[in-house]
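The structure appears right after this line, and notes come after that.
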Amino acid sequence: MAVPKRKTSKARRDKRRANWKLEVPGMIQCPQCHEYTMPHRACQACGYYKGKAVVNAAAAE
């Protein structure tokens, strides 16, 4: 069985973990109500998607 010959230093260990950061999801402004929303999804505020009302916003609340 392979066993490390030396202890891995904190600096070397942490270099591997340098890319473990979260990314902010891409947000777009709704062309109808100008609220920020996820792309390719119906707007949570007004219920529009691609210029058409697809969700009744009053029923969603």
How many residues of the stretch 36-59 are surrounded by 13 or more Cβ atoms within 10 Å (Cβ to Cβ), at pLDDT 85 or above and part of a loop (DSSP other than H, G, I, E, B)? The answer is 6
If you go through 3, 24, 54, the only one that is aliphatic (A, V, I, L, M), in contact with a Phe, Trp or Tyr (Cβ under 9 Å, 6 or more places away or on another chain) and at negative phi is 54
Taking the stretch 17-35 and keeping residues touching a Ser or Thr at 6+ places or on another chain (Cβ under 8 Å) and part of a loop (DSSP other than H, G, I, E, B) leaves 27, 30
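The values are calculated or read from the model by the stated rules, or taken from the named source; none is laboratory data. Quantities reported herein were computed from a predicted structural model and do not represent experimental measurements. When we count neighbours, we look across all protein chains shown, and the Cβ atoms used for this are built from the backbone with ideal geometry, even at glycine.
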